[in-house]
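Student: Sharing a structure below in structure tokens format, with a few things to ask.
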Amino acid sequence: MLLFRMLCLLTLVFVLAACGNTASVREIMLDGTEFKYQPNTIEVVVGQPVRVTLRNTGLLEHDWSVADLPTINVRIVADNAPPGATEALHSAALHISAAKGKTSILEFTPTRAGTFTFFCDVPGHKEAGMVGKLIVKDK
């Protein structure tokens, strides 16, 4: 009986510890249009889960890409790429794409502080100025 009570107590301690360690998700709503993002600067925190929602409010396909950002827990929730889109075109660690009028969602957790460039990887869009800054701050 004592062993059973101790196991129950340990289980309760682990459950409460797990609940206390959950970080709230940083929600980012990002509009992409010809040829810019709104907002074009995003700030997040190391270790905090991030959910980027890309709304394509333009007339062309747009995407959101970040290269060289160390992350964990990367998950595409919704990727509304245009039919026939070639995923091999992008070389970024993080990437979602949206056809005109569509929305795509990407979740990730950054693991290193720094300033990173995000950009549209559709040919010619980055060169036309479709870029922004992702600032990852220490806790």
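Student: Which of rounded, prolate or oblate describes region 92-132 when judged by the alpha-carbon gyration tensor and an a/c cut-off of 1.5?
Tutor: oblate
Student: Once each part is reduced to its C-alpha centroid, what is the distance from region 88-139 to region 21-46 in angstrom?
Tutor: The two parts, judged by their Cα centres, are 10 Å apart.
Student: Amide H to amide H under 5 Å from Lys133: which residues, 5+ apart in sequence or cross-chain, H placed 1.01 Å off N in plane?
Tutor: When sequence neighbours closer than 5 places are left aside, the close amide H contacts are Thr41, Ile42, Phe118.
Student: Sticking with this structure for a sec: Which far-off residues, 5 or more places away or on another chain, put their amide H under 5 Å from the one on Asp79, with H placed in the peptide plane?
Tutor: Under 5 Å from the amide H of Asp79 lie the amide H atoms of Ile105, each far enough along the sequence or on another chain.
Any read-out appearing in this document is the output of simple, stated calculations on the displayed coordinates, not a laboratory observation. These numbers come from a predicted model, not from an experiment.
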